[in-house]
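The structure appears below as structure tokens.
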Amino acid sequence: MTPDQWIVTVAGLALVAFIVWFFWLKRAQGYRAAETSGGRQEALILVKGGYTPDTIVVRRGKPVRLNFRREETAACSEMVLFPDFKKSARLPAGETVAVELLPEKPGEYEFACQMGMLRGRLVVE
């Protein structure tokens, strides 16, 4: 191989490695849910092309209220599903909908739209 071919090959492999890391391996630190005076943990999640923030960190054994505010009309984002908690909620455009959970076990729990295109996770410590 010529030096030019080596450079192009190495640059291509580096680009593929970066794409794999960025889309599949990178983990966000997460947003810690605020604790209210009543002991509940709360977070506001905006739904617009995805969930913002998409990683919510909570403590186990305390009630959690996730307030979803949908700011788009795409069909994919009209529901949010929490399969591990056997919960779901319809998200009307322009409205805030609360989903209440009580995470008992530490771990990571995914939530997603009904098509699985929008994804987020709840990290229970």
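Read-outs: derived from the displayed coordinates by stated rules, not from any lab. Please read these numbers as outputs of a predicted model, since none were measured by experiment. Glycine gets a Cβ as well: all are built from the backbone with ideal geometry, and neighbour counts include every protein chain shown.
Figures for the structure shown
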read-out: Of all residues making up region 75-100, the number that are free of Cβ contacts under 8 Å to residues at least 40 places away in the same chain, assigned to a loop (DSSP other than H, G, I, E, B) and among the aliphatic types (A, V, I, L, M); value: 1
read-out: Sole residue being surrounded by 14 or more Cβ atoms within 10 Å (Cβ to Cβ), within 15 Å of GLU110 (Cα to Cα), touching a residue at least 24 places away in the same chain (Cβ under 8 Å) and out of contact with any Leu (no Cβ under 6 Å at 6 or more places or on another chain), chosen from LEU66, LEU44; value: LEU66
read-out: Answer residue from region 96-125, given it is surrounded by fewer than 18 Cβ atoms within 10 Å (Cβ to Cβ) and touching a helix residue (DSSP H, G or I) at 6+ places or on another chain (Cβ under 7 Å) and is nearest to PRO83 (Cα to Cα) among those; value: MET115
